[in-house]
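Report on the following structure.
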Amino acid sequence: MKGLNIYKRKDGRFEGRITTEIIDGKRKFKAFFGKTEEDVLSKMEKFKASLTQPTEKHLTLSSVFTEWFQFISYRVKASTLANYLLKSNKHIIPAFGKQNIAEIAQTSIYQFIRDKQNSGLSNRYITDILILMKSVFKYAARTYHVINPMEGIFMPKKQKAEIRLLTEAEEQKLMQIVMGNQNLTTLGIALAKLTGLRIGELCSLQWEDIDLEKRILTVKKTLQRIQVKGSSKKTKLVITEPKSETSKRSIPIPECIIGFLRKFQGKADEYLLSGSEKPIEPRTMQYRFATILKNGNLPSVHFHALRHMFASNCVKLGFDIKALSEILGHSGVEITLNRYVHSSFEQKSEFMNRLKMTA
């Protein structure tokens, strides 16, 4: 039965197991037998209902996290699992790992939130950590019938981060540099600036994903460096599906970059940014972008700023927001409007100057 440790034995009976305790990282089980899966499931449910919190003496958060992680690992992407491990190893386990999960109180969690805020973490990142903790405690409450201290926890108020973008004059200067020094790196910058691709999507782009005749770019994968399972230091590059189903998309290629693309067009299995069958990783592209900005006496901005500038420029040009949202790979227009649309002070001044004293 999916999601439960129930299987059919060679003697024809069904057997199910429930973890009763974890000591020094080793789990102890109680076995249940029956003629059908339903019989075993019924016995397991009755046993779980009879459990009380005081019996979970050795149930630490660390052991429960390990069990929960194994439970969800078969249905979650490797990059997501790596993200969970990073957050747990760096924040959750050091704070709560050795504590009995049944004894962790809301006061401790609120103190944890304050400590993370004082350490300089953003409320958005802290909320991501708390969402992960919610999943772990929900599993513990369902499996071991402990009280879930995450229920009713107030999340810290997210503060909208100010994204440093280039001014219109700085954008023009950047594109002059890009077009005046055409290579695979500047091609990538130009493509991100004109399509809003995420850096991981750009680095995973192969020439087979670009149809210059139909002028369509297909996004179907992303590249990122993730933590190796079982290691706190080792990482590896992985190509996976994009972050969501809506991130899989087809983007019309602007006419103005067709010639640039044709100039460097490679074989179908070659990556656009490397010109070979091996991709370059996002942090390398970010480093090259930073070098171009520095050499051009331009402000230091993150590569992701190109995506923000693309969205803002599209709005200025009168793009339909729904169409723009789909090009960016968003699940809804609210994300596009709240996160990626920025008005410059010059644009605000222009709008204000349209006001008249008379009707």
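Odds and ends about this structure:
- Mean Cβ count within 10 Å, highest first, over the residues of peptides 129-139, 293-303: 129-139, 293-303
- Extension reserve of the Ala31-Gln106 stretch, reckoned as 0.36 nm per residue once the Cα distance is removed: 23.6 nm
- Amide H contacts under 5 Å for Arg249, placed H, 5+ residues apart: Val219
- Ranking Met44, Leu337, Cys314 by how far each Cα lies toward the positive end of the dipole of the chain (charges on Cβ) leaves Met44 at the top.
- Student exercise, the stretch 181-240 dipole from Lys, Arg, Asp, Glu Cβ charges, in Debye to nearest 20: 500
- Here r is the Cβ-Cβ distance between Lys234 and Glu208 and R0 is 45 Å; the resulting FRET efficiency, rounded to 0.05, is 0.90.
- Amide H within-cut-off set for Leu197, under 5 Å, with H built and near neighbours excluded: none
- The phi torsions of the stretch 38-45, fed into the Karplus equation with coefficients 6.51, -1.76 and 1.60 and a -60° offset, translate into couplings of 5, 4, 5, 4, 4, 5, 5, 5 Hz, rounded to whole numbers, with Gly and Pro shown as x.
- The 3J(HN,Hα) values that the Karplus relation (6.51, -1.76, 1.60; θ = phi - 60°) gives for the stretch 188-198 are, in residue order, x, 5, 4, 5, 5, 5, 9, 10, x, 4, 6 Hz. Gly and Pro appear as x.
- For the pair the stretch 237-280 / the stretch 109-183, the C-alpha centres are spaced 28 Å from each other.
- Candidate cross-link partners of Lys236 among the aspartates and glutamates, defined by an alpha-carbon separation under 13 Å and a same-chain spacing of 8 or more, comprise Glu281.
- Backbone amide hydrogens, once placed in the peptide plane, bring Gln206 within less than 5 Å of Leu272, excluding anything fewer than 5 places away on its chain.
- Base-10 log of normalised Debye intensity for the stretch 168-350 (one unit scatterer per alpha-carbon) at q = 0.08, 0.09, 0.12 Å⁻¹: -0.26, -0.33, -0.59
- Three-way shape label, the stretch 61-144, alpha-carbon gyration tensor, a/c 1.5: oblate
- The convex hull built on the alpha-carbon positions of the chain has an orientation-averaged projected area of 26.3 nm².
- Stretching the chain fully between Met155 and Gln99 yields a gain of 17.9 nm (0.36 nm per residue, less the alpha carbon separation).
- Normalised by the number of residues in the stretch 61-144, the average gap of Cα pairs under 8 Å and 6 or more apart makes the relative contact order 44 percent.
Each value in this text was obtained by applying a stated rule to the coordinates, not by laboratory testing. Since we're looking at a predicted model, the values are computed, not measured. Don't worry about glycine lacking a Cβ; one is built from the backbone with ideal geometry, like all the others, and counts go over all protein chains shown.
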